[in-house]
1. Go through K50/K160; K138/K160; K47/K136 and tell me which ones have a Cα-Cα distance over 30 Å in this structure.
2. Taking every alpha carbon pair in region 123-190, what does the distance histogram look like in 10 angstrom bins from 0, in percent?
3. Could you work out the relative contact order of the chain, using alpha carbon pairs under 8 angstrom and six or more residues apart, expressed as a whole percent?
4. Looking only at N79, N202, N110, which one moves most when the chain is put into a Gaussian network model with springs between Cα atoms under 10 Å?
5. Show me the helices of the chain, taken as full DSSP H stretches, that run 18 Å or more along their long axis by Cα and average 0.5 or above in Kyte-Doolittle hydropathy.
6. Return the distance in nm (one decimal) between the two label points of a simple spin-label model at V89 and A46, each offset 7 Å from Cα along Cα→Cβ.
7. Using 0.36 nm times the number of residues separating K232 and D174, minus their current alpha carbon distance, what extension gain do you get?
8. Is the chain best put as rounded, prolate or oblate by its Cα gyration tensor, with a ≥ b ≥ c the root eigenvalues, rounded for a/c under 1.5, and otherwise prolate when a/b is larger than b/c, oblate when not?
Amino acid sequence: MLPRPIRATVALAMLVALPFAAATAAPAEPAPTAILFDAQHLATTAKGDKLVYDLTRKVSEPKIQGEPFTDTITVDIANAEPNGTRDVVVHVMTGERARPPQAISGMTGNPLLVVFLDRAVNNLAMLAGGSRPFLKNKIKSSFVLNPEIAPAEITYKGNKVAGHWIKVTPFAGDPNALKMMGYDGMSLEIVVSDKVPGHFVNLASHYASPMKGSPRLDETITLEGVGEISQKGGK
């Protein structure tokens, strides 16, 4: 056993070191809901800006799911108000696939997230069936209940910027999984960075079932100018 004066000195040193250790600990990752649903994604955009995203749809059974394709989604900044809100026009795809443009006023968040989540619900309903309101609520709640989040490094227009990688598997372990034709393992991955306009870097959805003959589907939406994306660590 150490003599009492030495023990006292060691104990004091440990107490002094504790605040320093706490101060240098790695900061906790922010809540995914704050990044996705609360952040002002459009704050750095100006009137006349266009956020252009490449949409890629890959399928395993074209005769059942339709042909794979690539297209674009564009968010036009029609007006920038002094209070920080933006009026936007959203163009989902082009040509024969084009949806009617949607004009939305008073936005602070990027409407691309709504487009992505709506497509995820529609894709899952097509593959697994089920009520769209139920699927939508389950997917949205998964960002609160069981998200994974990790730092990410993104190459944007030749420069490295920091961001976050977020992943959810909304139906993993769900009691209704047996009714989903094996697609309860579907996942959503979203990469965001406040260093790129509109914040959303890449949004991907993956649908695969272990049941024999079940088609696979993957969709990815990527901001133009984005190159390599690397995840740095896990949850």
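Please treat every number below as a calculation from the coordinates, not as lab data. Owing to the predicted nature of the structure, the values given are computational and were not obtained by experimental measurement. Because the Cβ atoms are built from the backbone with ideal geometry, glycine has one as well, and the counts that use them run over all protein chains shown.
1. Numbers: K50/K160 22 Å; K138/K160 34 Å; K47/K136 32 Å.
From the list (K50/K160; K138/K160; K47/K136), the Cα-Cα distance tops 30 Å for K138/K160; K47/K136.
2. P(r) for region 123-190, in whole percents per bin: 19, 43, 21, 14, 3.
3. On the way: 435 pairs, mean separation 45.9, N = 235.
Rounded, it is 20 percent for the chain.
4. N79
5. Working: long enough: 4-24 (30 Å, 1.33); 112-128 (24 Å, 1.57); 132-145 (19 Å, -0.07).
Answer set is 4-24, 112-128.
6. Distance between label points: 2.0 nm.
7. Values: separation 58, 0.36 × 58 = 20.88 nm, distance 2.89 nm.
Roughly 18.0 nm would be gained on extension.
8. Values: a/c = 2.50, a/b = 1.50, b/c = 1.67.
Judged from the Cα gyration tensor, the chain comes out oblate (a/c at least 1.5, b/c at or above a/b).
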